[in-house]
Amino acid sequence: MDVPKDQITTLLDQELYNSAQILGSFLVSSPSVSLETSPHIKAENQILLGDAFFRDREFRRAIVKFKIASCLSALNVTRAALVEMEGIPGKARTLQMSLLMAKLYRNSRHNRFAVACYKECLRQCPYVIEAIIALAELGVAAKDIVSFLSQTSNRSGRAPFDHTDSNRWLQRYVEAQCAIAANDYRGGLELFGELLQRFPNNVHILLEIAKVEAIIGKNDEAIMNFEKVRSLDPYVVTYMDEYAMLLKIKSDYSKLNKLAHDLLNIDSTRPEVYVALAVLAERKDVREALSFADKSIRVDERHIPGYILKGNLLLSMKRPELAVVAFRVAQELRPDLRSYQGLVHSYLAFSKFKEALHASREAMKAMPQSAKALKLVGDVHASNSGGREKAKKFYESALRLEPGYLGAALALAELHVIEGRNGDAVSLLERYLKDWADDSLHVKLAQVFAATNMLQEALSHYQAALRINSQNEAAKKGLERLEKQMKGVDPDAPEEDEENEVEDADGDQEETELL
């Protein structure tokens, strides 16, 4: 059997419910189990997974009450908790205690001690999935983690982890998590894809894949995987705030509204719920959205999507200095493409060119094979007239690395327009029309045609953009402008500020596509 049941029982006995749930998801999705003829065995597996869910619910209630009490009695809960835990002799610590100590050390930024405690967890039980994920995020190499797994022995005295085919999936899982932690998104997705073939409809793997696809801008694929998860298990809350942000990008407010209210009914104590509510509120009240984002952070001060959303909200409110603070916290917790993008756009918003260039170069060093990181450097150079030639080279490099990257194509087209090469801009963008039904692509083409006084073509593309996304503000404002031009009225003369708003809306649209 691929997944040993006794290890799930061990995790349950030690009250490590999250790891038990993830391991249980591998158990019920294993092909060797699905081929079992005995319905009794299938039922037994489902009961084991259900037990993990049930006990976790009770455990979380207790933890919430404990957190509230701790916050009332002491401001520095982590420090006080560590003092208590360090008073327990090492030999007397259970697996659960070791995991708690690891989390406390990590929260206190004592990463070396955190790594030691997580390793101790894996020595006691190789299936503490939380420890595997944490070690990957703390920068421990996959081969080192696998070696810890190999040193483990279970209660019967035999080594439960070996390198035979039945256990190779756990090694692949370690490699996948380490790849993602190192910003090797392509490699991580390939490894998770292999695991998904072995464990079809595994909710945990589908969520991991969807999260990475959301980060790198594969929005349609991510949405499809999130919807598959919801169809398999409508009570999943994990990463559903990422799904909410994607629905907002697609302007699918009916699905977004349902998702937010579903999450609120499932578990109102989770940070994902308040990020989803913030995304829903943003359309009508940015300040209310910011309040919800702050609440998600109060619920869990390590919840990265809360900081990413907060940074983007502050940026939209023209408060880039505060946005930098939010993106920096997200980056310190775990740097990813979106925190780098947020920092670069924030610094450029208040003319901090050197800081923006430094952040973009950090992204390029962290993700040398990422077209989006190359584009970020190009964005910084494109922000001043003296850097346009450099920007062009970075955009072209990004397109060589990832020919289908629409964001880089749009940015390069914008450079062509600025330098008077409207024909080159149109030729470049029209190549993408064959493969992309994207509203931002049609908006950019409409703007280029309008600038060259080809008003009928511009009208056609603005209408196409609104057919794809009726909520596209850049298309709406561009169409209003175009109608004035078609009537022979100069759209700039009476309402100069309106032009600036249209340009800002276009910038926001491109940024939304990137995020």
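Data table
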quantity	calculated
Mean separation of Cα contacts under 8 Å (6+ apart) over length of the stretch 229-341, as relative contact order %	18 percent
Estimated vicinal HN-Hα couplings, Hz - the stretch 333-338 in sequence order (Karplus 6.51, -1.76, 1.60; Gly, Pro = x)	5, 6, x, 9, 4, 5
With DNA, RNA and ligands ignored, accessible area of D439 (1.4 Å probe; Å², nearest 10)	20 Å²
Virtual spin-label span in nm between D492 and N265, 7 Å along Cα→Cβ	5.3 nm
Greater than 25 Å apart at Cα, pairs in K143/K375; K352/K477; K295/K318; K228/K477; K228/K250; K228/K284	K143/K375; K352/K477; K228/K477; K228/K284
Assigned charges on the beta-carbon of Lys, Arg, Asp, Glu; the stretch 385-470 dipole about Cα centre (debye)	160 debye
Equivalent-ellipsoid semi-axes of the stretch 223-277, from the Cα gyration tensor, Å, largest first	15, 13, 9
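The values are calculated or read from the model by the stated rules, or taken from the named source; none is laboratory data. Because the structure is a prediction, the values reported are computed rather than measured. Cβ: placed from backbone, ideal geometry, glycine included. Neighbour counts: every protein chain shown. For accessibility, only protein heavy atoms count, side chains too; no ligands or nucleic acids. Shrake-Rupley method; radii C 1.70, N 1.55, O 1.52, S 1.80 Å.
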